[in-house]
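A.B. asks: One structure, as structure tokens, below. Some questions next.
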Amino acid sequence: MAKERFEKPTGTQDVLPGAVEKWHYVEAKARELCRRFNYREIRTPMFEHTGLFERGVGETTDIVEGEMYTFKDKGDRDLALRPEGTAGVVRAYVQNKLYGEPDVSKLYYIGPMFRYERPQAGRYRQFHQFGIEAFGAVDPAIDAEVISLGFQFYKELGLKNVQVEINSVGNAPSRAAYREKLLGFLRPMRDNLCSDCQRRMERNPLRVLDCKVDQDKFTDAPSILDSLDEECTNHFAKVKLHLDTMGVGYSINPRLVRGLDYYTHTAFEYKAAGIGSIDTVGGGGRYNGLVEEIGGPDQPGIGFGIGLERIMLILEDQKVELEAAKPLDVYFVALGEEADMEITKQLFHLRSLGFSAERDYLGRKMKAQMKSADRMSARYTAILGEEELNGGVIALKSMATGEQRTVKLEELAQALTRV
């Protein structure tokens with residue numbers, strides 16, 4: 001009977017040794033940048049109650065309407081794998097009463113998200129996001145800080161030609177006024193729009209502007225910027241002023257609304273070529289009503305989410321060389337049973353001191369072991385035979401120069417430190 005062959009589920013990927021080191025580098029860059037900007041890490045569950053996303057993301061979004069992985073657990077509770085990071089972070093902020101802290105709560109996360117959508121370049125059903133959230137401040141300066149952190153992340157990774165697009169989606173009164181203007185523009189062309197646009201028109205007409213199919217039909221659509229009240233106009237002006245002061249370039253896109261319902265005031269996206277038809281590599285915005293919607297006090301918030309798979313594709317497309325993983329410090333070669341036991345001792349000792357070290361476990365000849373050391377990019381090989389063991393020494397060979405010298409066994413760690 002033939003054994004069943006298993007393959008990874010559609011829309012997922014295996015990140016193998018050789019590639020995973022690049023992920024480590026990108027994630028380390030995100031963490032280091034957040035340290036400099038004084039954002040602290042938060043880790044939330046990979047699944048939450050489905051209602052959290054229905055309330056937090058918005059029932060009229062593509063995510064909630066068709067992309068969430070939902071299931072019932074053994075207690076008949078409705079749960080969902082998280083499709084984005086913000087709702088879970090807001091839930092944790094509320095449940096753990098972080099709003100009681102005297103300062104602005106500045107948090108970041110890195111982890112997997114899940115959406116059932118058509119897999120394509122840079123888009124998977126399990127994907128990874130780096131995101132930040134800042135709670136408690138309405139100051140436009142924090143909007144600019146959030147935008148600048150994302151921009152600096154791309155810059156320090158070495159990505160070229162990353163563009164920042166910003167817009168204001170206003171407050172509730174501004175959006176209500178704009179909604180009527182937009183519907184007046186859209187209704188005469190309703191029959192010529194795609195089915196998604198027709199469905200969105202009455203429920204959430206701003207989402208129509210986010211359509212990729214009918215984008216060319218909206219060139220003359222009214223701009224939401226013309227419907228902003230004084231508060232929204234002033235807020236947006238100050239965000240731009242702060243970005244100008246920092247030297248962060250941007251362009252204004254009045255049709256940028258983002259795909260989630262919770263945004264207010266500032267909305268923004270990062271654009272970069274290199275992954276086919278998709279050019280958005282991250283984005284976010286302000287969500288002043290979301291904390292209260294999820295059961296907390298009336299606290300403002302702003303944040304972004306950046307897709308790491310898309311980052312990896314663009315890094316590859318632009319041929320950006322990331323810092324390589326550190327080479328193996330030393331590869332041990334043992335000749336004989338007694339030498340083998342001594343190497344076991346030396347290997348563990350060096351690893352406990354912080355060195356990276358390896359040995360042969362396949363019983364191969366010395367020549368094959370040396371080839372293995374070369375494949376692992378070892379800086380040195382430490383060769384121990386019967387003669388060396390009797391003399392209490394070990395031969396240390398540089399793989400780069402071929403130079404070989406003898407050092408005392410008890411001084412091997414010091415020798416590796418010096419070289």
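A.B. asks: From the phi of every residue in region 395-403, what ³J(HN,Hα) in whole Hz does the Karplus formula 6.51 cos²θ - 1.76 cosθ + 1.60 yield, where θ is phi - 60° and glycine or proline is x?
C.D. replies: 8, 10, 10, 6, 6, 7, 10, x, 5
A.B. asks: For q values of 0.16, 0.17, 0.20 Å⁻¹, compute log₁₀ I(q)/I(0) with the Debye formula on a Cα-only model of region 189-333, without solvent.
C.D. replies: -1.10, -1.20, -1.41
A.B. asks: Please report how far the C-alpha centroid of region 143-218 lies from that of region 293-344, rounded to the nearest whole angstrom.
C.D. replies: 34 Å
A.B. asks: Take every DSSP beta bridge whose two residues both sit in region 288-417, then give the antiparallel share in percent to the nearest 5.
C.D. replies: Numbers: 9 of 17 bridges.
DSSP beta bridges in region 288-417 are roughly 55 percent antiparallel.
A.B. asks: Write down, largest first, the equivalent ellipsoid semi-axes of region 60-156 in whole Å, where each equals the square root of 5 times an eigenvalue of the alpha-carbon gyration tensor. Mind showing how you got there, number by number?
C.D. replies: On the way: eigenvalues 152, 87, 23 Å².
Over the Cα atoms of region 60-156, the semi-axes work out to 28, 21, 11 Å.
A.B. asks: Report, to the nearest whole %, how much of the accessible area of region 176-244 belongs to carbon and sulfur atoms, 1.4 Å probe, protein only. Walk me through the intermediate numbers first.
C.D. replies: On the way: 1830 of 3770 Å².
Reported share for carbon and sulfur atoms: 49 percent.
A.B. asks: What percentage of the solvent-accessible surface of region 47-160, computed with a 1.4 Å probe over protein heavy atoms, is contributed by carbon and sulfur atoms? Show your work: numbers first, answer last.
C.D. replies: Working: 2360 of 4810 Å².
The C+S portion of the solvent-accessible surface of region 47-160 is 49 percent.
A.B. asks: Counting other Cβ atoms within 10 Å, which chymotrypsin sites (Phe, Trp or Tyr not before Pro) in region 305-391 have at most 15 and lie in a DSSP loop? Intermediate results must be reported in sequence, preceding the final value.
C.D. replies: Numbers: sites: Tyr331, Phe332, Phe348, Phe355, Tyr361, Tyr380; in loops: Phe355, Tyr361.
For chymotrypsin sites (Phe, Trp or Tyr not before Pro) across region 305-391 that sit outside H, G, I, E and B with at most 15 neighbouring Cβ atoms in 10 Å, the list reads Tyr361.
A.B. asks: What does the accessible area per residue of region 209-353 come to in Å², with a 1.4 Å probe and no ligands, DNA or RNA counted? Present the calculation step by step, with values, prior to reporting the outcome.
C.D. replies: Details: 6870 Å² over 145 residues.
The answer is 47 Å² per residue.
A.B. asks: Run the dipole for the chain about the Cα centre, Lys and Arg Cβ at +1, Asp and Glu Cβ at -1, nothing else charged, and hand back the magnitude in debye, nearest 20.
C.D. replies: On the way: 57 positive and 64 negative charges, 122 e Å.
With only Lys, Arg, Asp and Glu charged at Cβ, the dipole is about 580 debye.
A.B. asks: If Ser251, Ser227 are ordered by their accessible area, calculated over protein heavy atoms with a 1.4 Å probe, which sequence runs from highest to lowest? List each step's numbers first, then the result.
C.D. replies: Numbers: Ser251 55, Ser227 15 Å².
Correct descending sequence by accessible area is Ser251, Ser227.
A.B. asks: Over the chain, what is the relative contact order in whole percent, taking alpha-carbon pairs under 8 Å and six or more residues apart?
C.D. replies: Values: 688 pairs, mean separation 64.8, N = 419.
Once divided by the residue count of the chain, the mean separation gives 15 percent.
A.B. asks: What's the whole-number percent of alpha carbon pairs in the chain lying beyond 36 angstrom?
C.D. replies: Details: 36454 of 87571 pairs.
Result: 42 percent of Cα pairs exceed 36 Å.
A.B. asks: Now a separate question. Straight-line reach from Lys72: which lysines have Cα under 27 Å away, leaving out those fewer than 8 places along the same chain?
C.D. replies: Of all the lysines, those that pass the test against Lys72 - Cα under 27 Å, at least 8 places apart if same chain - are Lys8.
A.B. asks: Which far-off residues, 5 or more places away or on another chain, put their amide H under 5 Å from the one on Met399, with H placed in the peptide plane?
C.D. replies: Those lying under 5 Å, H to H, from Met399 are Tyr380, Thr381.
A.B. asks: Cβ neighbours within 10 Å, averaged per peptide: list 4-12, 141-149 in order, most packed at the top.
C.D. replies: Numbers: 4-12: 8.9, 141-149: 22.2.
The densest-packed peptide leads the list: 141-149, 4-12.
A.B. asks: How about region 294-393: which GluC sites (Glu not before Pro) there are in a DSSP loop, with at most 12 other Cβ atoms within 10 Å of their Cβ? Mind dumping the intermediate values first?
C.D. replies: Working: sites: Glu309, Glu316, Glu321, Glu323, Glu337, Glu338, Glu342, Glu358, Glu386, Glu387, Glu388; in loops: Glu321, Glu323.
Passing sites in region 294-393 are Glu321, Glu323.
A.B. asks: Using θ = phi - 60° and the Karplus relation 6.51 cos²θ - 1.76 cosθ + 1.60, list the HN-Hα couplings for region 70-83 in order, rounded to whole Hz, with x at every Gly or Pro.
C.D. replies: Ordered by residue, 3J(HN,Hα) equals 10, 7, 9, 8, 5, x, 6, 8, 7, 10, 9, 5, 5, x Hz.
A.B. asks: How many Å³ per residue does the convex hull of the Cα positions in region 102-196 occupy? Before the final figure, lay out the partial values.
C.D. replies: On the way: hull volume 18.7 nm³, N = 95.
Measuring per residue, one finds 197 Å³ for the Cα hull of region 102-196.
A.B. asks: How many percent of DSSP beta bridges within the chain run antiparallel, rounded to 5?
C.D. replies: The answer is about 80 percent antiparallel.
A.B. asks: Continuing with the same structure: Beyond a 21 Å Cα-Cα separation, which of these cross-linked pairs lie in this structure: Lys29/Lys326; Lys160/Lys238; Lys29/Lys155; Lys371/Lys397; Lys160/Lys326? It would help to have the intermediate numbers written out before the result.
C.D. replies: Working: Lys29/Lys326 16 Å; Lys160/Lys238 27 Å; Lys29/Lys155 11 Å; Lys371/Lys397 13 Å; Lys160/Lys326 26 Å.
Too far apart for the 21 Å limit: Lys160/Lys238; Lys160/Lys326.
A.B. asks: Let me ask something additional. Please report the antiparallel percentage of the DSSP beta bridges confined to region 1-141, to the nearest 5. Walk me through the numbers before you get to the answer.
C.D. replies: Details: 17 of 19 bridges.
So the antiparallel bridges in region 1-141 amount to around 90 percent.
The values are calculated or read from the model by the stated rules, or taken from the named source; none is laboratory data. Just so it is clear, the structure is predicted and the values come from calculations on it, not from any experiment. Heads up, the Cβs are rebuilt from the backbone with ideal geometry, glycines too, and the neighbour counts pull from every protein chain shown. Quick note on the areas: whole protein, heavy atoms, side chains included, nothing else; ligands and nucleic acids left out. Shrake-Rupley method; radii C 1.70, N 1.55, O 1.52, S 1.80 Å.
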